[in-house]
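The values are calculated or read from the model by the stated rules, or taken from the named source; none is laboratory data. Owing to the predicted nature of the structure, the values given are computational and were not obtained by experimental measurement. Positions of Cβ are generated from backbone atoms using ideal geometry, with glycine treated the same way; all protein chains shown enter the neighbour counts.
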Amino acid sequence: MNKQRILIAFLLIVSPSIAGAATFTEGFSSDPARDGWRIFGDTNLFHWNSTNQNLEVTWDSSQPNSYFYHPLRNILALNDAFSVEFDLQLSNAQATGFFELAVGLLNFGNATNSSFSRDTGDSPNLFEFDYFPDGGFGPSLDATLADSTVNATNMSDFYFKYEDVPLATSVTYHIVLTHVAKDPSISGMVLTNGQIYSALTNVFAGPIVDFRLDTFAISSYIANGGFGDSVLASGTVDNVFVILPQPPVQNFSGVLTKGVWQTQFTTRSNWLYTLARTADFNIWADVTPATPGVDGTLILSDTNAPAAGAFYRVRATRP
């Protein structure tokens with residue numbers, strides 16, 4: 001499996017935003033494009049409503065995989081605890097066969113790969129809420145977790161909880177998805193007017209070994225498996241709230257002592273940390289081996305610092 005990476009650059013001073021609160025929120029009160037939101041795929045499927053302060057979405061399976069997304073600036077794995085909440089209101093939802101609309105977390109590199117297909121099951125690294133409108137097989141609400149090993153020939157490594165009930169139009173539902181650290185499962189709850197509408201009590205317990213998630217996305221998937229399934233739905237998404245682990249690098253400081261450059265920072269376990277050096281910001285060289293995090297303070301040193309000076313960064317890698 002390829003390693004997913006976060007690069008964190010330092011020039012003696014760390015930006016305070018790197019060590020900010022471990023939450024991500026969006027109420028769409030201002031233009032989301034100014035707050036780091038982006039669109040991949042069909043831009044016509046997503047529209048910010050400045051008057052109602054929400055995001056208008058069309059889920060259209062006849063279009064390419066399309067995402068209204070925001071990077072998490074973190075990489076979530078099995079040993080992490082995290083949760084996702086948002087409001088969903090549908091104005092219409094039609095399906096043929098069995099196909100979904102989706103909101104949740106994904107691995108952006110996987111999801112934007114040309115081979116990625118929810119229709120064929122070639123869709124690793126997902127943590128999302130799926131709604132399947134009644135297309136002849138009944139409706140279904142699903143909290144879905146896909147392992148890193150999922151592909152078109154290995155569709156068993158999904159874990160999902162579900163209930164075969166519909167979502168009414170013009171009703172605001174509050175969706176909550178939760179992952180407990182080290183637990184190979186997902187739990188979900190759908191509420192309306194503060195009351196539980198569905199606790200998603202049915203379980204398909206496919207094996208989950210690990211996963212890598214780095215992006216929150218409102219996802220419109222293409223139906224390209226040749227099965228005749230489709231979905232066309234529209235509605236709004238609002239009040240996104242994601243609780244995340246702390247960033248992998250915090251409380252960074254550095255000092256040059258007797259020709260040795262030392263960096264000291266707070267780390268997390270299950271990450272690897274490497275100190276890298278450059279003189280021109282074009283070519284970076286690792287000056288330490290990848291070192292495991294310790295859920296505490298780690299010191300990395302350049303014992304051969306050049307006399308002319310250099311710039312340093314710490315690379316945090318999720319193996």
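Here are the numbers:
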{"quantity": "Which numbered condition Thr266 misses (of (1) outside the structural domain of Asn79 (by TED's automatic domain parsing); (2) of a type outside the set (Gly, Ala, Ser); (3) more than 24 Å from the chain's Cα centre (by Cα); (4) crowded, with 17+ Cβ neighbours inside 10 Å)", "calculated": "(3)"}
{"quantity": "Boolean, Gly104 is more than 19 Å from Asn224 (Cα to Cα) and touching a residue at least 24 places away in the same chain (Cβ under 8 Å)", "calculated": "yes"}
{"quantity": "Within the stretch 26-135, strands (runs of 3 or more DSSP E) holding 2 or more residues that are of a type in the set (Ser, Thr, Tyr)", "calculated": "66-76, 82-96"}
{"quantity": "Unique residue being of a type in the set (A, V, I, L, M, F, W, C), surrounded by fewer than 19 Cβ atoms within 10 Å (Cβ to Cβ) and in contact (Cβ under 8 Å) with a residue 40 or more places away in the chain when the list is Ala205, Ala308, Ala285", "calculated": "Ala205"}
{"quantity": "Only one of Phe204, Phe227 that is in contact with a Phe, Trp or Tyr (Cβ under 9 Å, 6 or more places away or on another chain), assigned by TED's automatic domain parsing to the domain that holds Ser123 and part of a strand (DSSP E or B)", "calculated": "Phe204"}
{"quantity": "Test: residue in the stretch 184-196 that is part of a loop (DSSP other than H, G, I, E, B), surrounded by fewer than 21 Cβ atoms within 10 Å (Cβ to Cβ) and without any contact (Cβ under 8 Å) to a residue 40 or more places away in the chain", "calculated": "yes"}
{"quantity": "Within the stretch 153-168, considering residues that are assigned to a loop (DSSP other than H, G, I, E, B) and touching a Ser or Thr at 6+ places or on another chain (Cβ under 6 Å), the one surrounded by the most Cβ atoms within 10 Å (Cβ to Cβ)", "calculated": "Asp157"}
